[in-house]
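Here the structure is laid out as structure tokens; the discussion comes afterwards.
The values are calculated or read from the model by the stated rules, or taken from the named source; none is laboratory data. Remember, it's a predicted structure, so these values are computed and weren't measured experimentally. Ideal geometry is used to build each Cβ from the backbone, glycine not excepted, and the neighbour counts take in all protein chains shown.
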Amino acid sequence: MTYNVHSSIGMDGKISPLRIAGVIERCAPDVVALQELDSGLTRTSLVDQAHVIAHQLEMTYHFHPSFRVEEGGYGNAVLSRLPLRLVKAGPLPSHPSRSFERRGALWVEVEQGGRGLQIIATHFGLNRRERICQAEALLGPEWLEHPECRGPVVVCGDFNALPRSAAYRCLTRRLRDAQCALKGSRPQGTFPVRLPLMRIDHLFISPGVQVSKVAVPRTPLTRLASDHLPLVVTLELP
């Protein structure tokens, strides 16, 4: 599952990490990548949101702040019911001439059936050229071409990139879009939550990984908890 949680601020303006946990609990994923989490920030009552959500769900987790604000941070996390190992967490390239919000990626290995699944979770920037640089970085020697990135791979998150965009096309030269890999299924948008026509949250898979189910839950709870809908994909590993 990949889900941009909007700092746990719902469409009603209320801050509720427990409501986000409720969305995840109803979807029942083994692994979930979350974007836009606050940790120790005044605007969200100094709460470590990744910790609260993981504790509520009894899942292990790793959180990586893309940047630090005040005494806290803001970034991405991966939660898992399966054995979880942090491989790497770090920044992605920023726009060379303009100052935008810093972005990062989080790489973990999840053990399933005695095999390791490599998962890279990220949140790309809002600038087109920045997103292209970030996609190229993920495909390079620090991430997907790294010697440890062997076996089945999932790259997921909020890419701020539509399917016709340059960043999306860059990633799909190496990986498959899970929503397009499921035969007989029409890809579904995830943003904005009230009229989710835009497909900017993606889950990409390496060759050999099969998709058996895709869901974008549209319930009263998912329409309220964040400004994005979650994307849930059931995978079969080679």
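From Arg102, Arg85, which residue is outside any strand (DSSP E or B), under 26 Å from Leu138 (Cβ atoms) and of a type in the set (D, E, K, R)?
Arg102
For every residue, the table says whether it meets (1) assigned to a loop (DSSP other than H, G, I, E, B); (2) small (Gly, Ala, Ser); (3) under 20 Å from Val32 (Cα atoms); (4) under 16 Å from the mean Cα position of the chain (by Cα).
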{"residue": "Ile119", "(1), (2), (3), (4)": "no, no, yes, yes"}
{"residue": "Leu126", "(1), (2), (3), (4)": "yes, no, no, yes"}
{"residue": "Gly140", "(1), (2), (3), (4)": "yes, yes, no, no"}
{"residue": "Glu145", "(1), (2), (3), (4)": "yes, no, no, no"}
{"residue": "Glu148", "(1), (2), (3), (4)": "yes, no, no, no"}
{"residue": "Val155", "(1), (2), (3), (4)": "no, no, yes, yes"}
{"residue": "Arg164", "(1), (2), (3), (4)": "yes, no, no, no"}
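Criterion first (modelled with pLDDT of 95 or more, in a strand (DSSP E or B), out of contact with any Leu (no Cβ under 9 Å at 6 or more places or on another chain) and within 22 Å of Val232 (Cα to Cα)) does Arg169 satisfy it?
Taking the combined requirement at face value, the residue does not satisfy it.
(1) more than 22 Å from Tyr3 (Cβ to Cβ); (2) in contact (Cβ under 8 Å) with a residue 24 or more places away in the chain: which one isn't true of Gly114, the others all being true?
For Gly114, the failing item is (2).
Could you please let me know if Glu70 is surrounded by fewer than 18 Cβ atoms within 10 Å (Cβ to Cβ), touching a Ser or Thr at 6+ places or on another chain (Cβ under 9 Å), farther than 28 Å from Arg194 by Cβ and not basic (Lys, Arg)?
yes
Okay, residues lined up against (1) without any contact (Cβ under 8 Å) to a residue 40 or more places away in the chain; (2) buried (at least 16 other Cβ atoms within 10 Å of the Cβ):
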position	(1), (2)
Asp158	no, yes
Arg164	yes, no
Ala167	no, yes
Arg173	yes, no
Arg176	yes, yes
Gly184	yes, no
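Residue by residue through the stretch 74-92, note down the ones that are of a type outside the set (Val, Ile, Thr) and surrounded by 17 or more Cβ atoms within 10 Å (Cβ to Cβ).
Result: Tyr74, Gly75, Asn76, Ala77, Leu79, Ser80, Leu84, Ala89, Leu92.
Could you list all residues from the stretch 181-209 that are in a strand (DSSP E or B) and not β-branched (Val, Ile, Thr)?
Hits for the stretch 181-209 are Phe191, Met198, Asp201, His202, Leu203, Phe204.
Look through Ala161, Ala181, Ala167, Ala215 and report the one residue that is among the hydrophobic types (A, V, I, L, M, F, W, C) and under 24 Å from Arg26 (Cα atoms).
From the options Ala161, Ala181, Ala167, Ala215, the qualifying one is Ala215.
Could you tell me whether the stretch 46-64 includes any residue that is in contact with a His (Cβ under 7 Å, 6 or more places away or on another chain), in contact (Cβ under 8 Å) with a residue 40 or more places away in the chain and within 29 Å of Cys133 (Cα to Cα)?
Looking through the stretch 46-64, none of the residues is in contact with a His (Cβ under 7 Å, 6 or more places away or on another chain), in contact (Cβ under 8 Å) with a residue 40 or more places away in the chain and within 29 Å of Cys133 (Cα to Cα).
What is the one condition in (1) charged (D, E, K, R); (2) outside any strand (DSSP E or B); (3) closer than 17 Å to Asp227 by Cβ; (4) modelled with pLDDT of 95 or more that Arg26 does not satisfy?
Status for Arg26: all satisfied but (3).
Testing Ser212 on (1) part of a loop (DSSP other than H, G, I, E, B); (2) of a type in the set (Ser, Thr, Tyr); (3) touching a strand residue (DSSP E or B) at 6+ places or on another chain (Cβ under 9 Å), one condition comes back false. Which one is that?
Exception for Ser212: condition (1).
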